[in-house]
Amino acid sequence: MFGPAALKSIGYAAAVVAVLAGLMQPAWAGPPYVSDDPEPTDYRHFEIYAFTSGTQTLGGTAGQTGIDFNYGAAPDLQLTAVLPAGFGPTPPGIGLGNIQLAAKYRFLHQDGFGLDVSFFPRLFLPAGSSVSGDTNASILLPLWLQKDWGKWSVFGGGGCVISADSTEDHCLAGGALTRQALDKLQLGLEVSYQSAQANGVLPTTAVGLGAHYDITDNHHLLAYANRGIQNPNETNQYSWYAALLFTF
């Protein structure tokens, strides 16, 4: 039999696995931020991210590392595929994460409407195990908006995740404010939110800081860190994202 302390630890572990099944989906992330932006990859160009990300809670550390492919298939249309390996604390291990397939379509532009607006549906395939991700298929249906002025930009939006297991359905939202601080350096501040799920996972709100540095015209470094300000022990004591971006 498990004592109260052991049951509490098991509860935290279950919570971290369930939350990270959502948070480990950089799904709705516009690298390096959790929020996405509506700008698709330029027509006939590529953006390829070699990334790693993770989240720490009282239950342990979980996250993923992998490759995020993006191709400008047509004007205002981006096709995306993410191939991740996920790792988790209970039990410790690594395996195939949730492969993601997505298409971003920008249907409104700042020069005509005043804002860029995109629809970016994303399909998550089942992970190889509960250690490396969510073992149920799901789809994210979000809208993303952006406004630029001078060296400043604000973007964000949100949507809902519909899962094969309805207890995992949830919604998310976020927004980021960025500034081109130097010729090669962009900095940003973000607030993001994910709603509670019926399976007992608590809602979470986080505040984060991001940076994008241009090494060359085709090589870029991205970094991001955030901390939960709502239920942090169970959902997000701190999270990180880092990537090397290749553009061509």
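Filter the strands (runs of 3 or more DSSP E) completely within region 44-128 down to those with at least 3 residues that are surrounded by 20 or more Cβ atoms within 10 Å (Cβ to Cβ). Show your work before the answer.
Details: elements: 46-57, 60-74, 77-89, 92-96, 100-108, 116-119, 122-124.
Per the criteria, 46-57, 60-74, 77-89, 100-108.
Do any residues in region 171-197 that are of a type in the set (Gly, Ala, Ser) and at pLDDT 95 or above have Cβ atoms under 7 Å from those of residues that are open to solvent by less than 20 Å² (accessible area, probe 1.4 Å) and part of a loop (DSSP other than H, G, I, E, B), where the two are at least six apart or on different chains, and which pairs are they?
So the pair list comes out as 174/35; 175/35; 176/35; 192/35.
Please indicate, with yes or no, whether at least one residue in region 136-149 is surrounded by 14 or more Cβ atoms within 10 Å (Cβ to Cβ) and in a loop (DSSP other than H, G, I, E, B).
Yes, there is a match, as at least one residue in region 136-149 is surrounded by 14 or more Cβ atoms within 10 Å (Cβ to Cβ) and in a loop (DSSP other than H, G, I, E, B).
Does residue 167 satisfy being polar (S, T, N, Q), without any contact (Cβ under 8 Å) to a residue 24 or more places away in the chain and not in a strand (DSSP E or B)?
So residue 167 fails the test.
For the structure I just gave you, tell me whether residue 207 is open to solvent by less than 70 Å² (accessible area, probe 1.4 Å), among the β-branched types (Val, Ile, Thr) and either touching a Pro at 6+ places or on another chain (Cβ under 6 Å) or touching a residue at least 40 places away in the same chain (Cβ under 8 Å) (or both).
Against the criterion (open to solvent by less than 70 Å² (accessible area, probe 1.4 Å), among the β-branched types (Val, Ile, Thr) and either touching a Pro at 6+ places or on another chain (Cβ under 6 Å) or touching a residue at least 40 places away in the same chain (Cβ under 8 Å) (or both)), residue 207 does not qualify.
Within region 210-240, work out how many residues are crowded, with 18+ Cβ neighbours inside 10 Å and either of a type in the set (A, V, I, L, M, F, W, C) or in a loop (DSSP other than H, G, I, E, B) (or both).
Matching residues across region 210-240 total 2.
Looking at the structure I just gave you, is residue 243 under 28 Å from residue 138 (Cβ atoms) and not in a strand (DSSP E or B)? Step through it out loud before you land on a result.
On the way: under 28 Å from residue 138 (Cβ atoms): yes; not in a strand (DSSP E or B): no.
No: the conditions fail for residue 243.
The values are calculated or read from the model by the stated rules, or taken from the named source; none is laboratory data. Just so we're clear, the structure is a prediction, and the values are computed from it rather than from any experiment. Quick reminder, even Gly has a Cβ in these numbers, built from the backbone with ideal geometry, and neighbours come from all protein chains shown. Note: accessible area is taken over every heavy atom of the protein model, side chains too, but ligands, DNA and RNA are not part of it. Shrake-Rupley method; radii C 1.70, N 1.55, O 1.52, S 1.80 Å.
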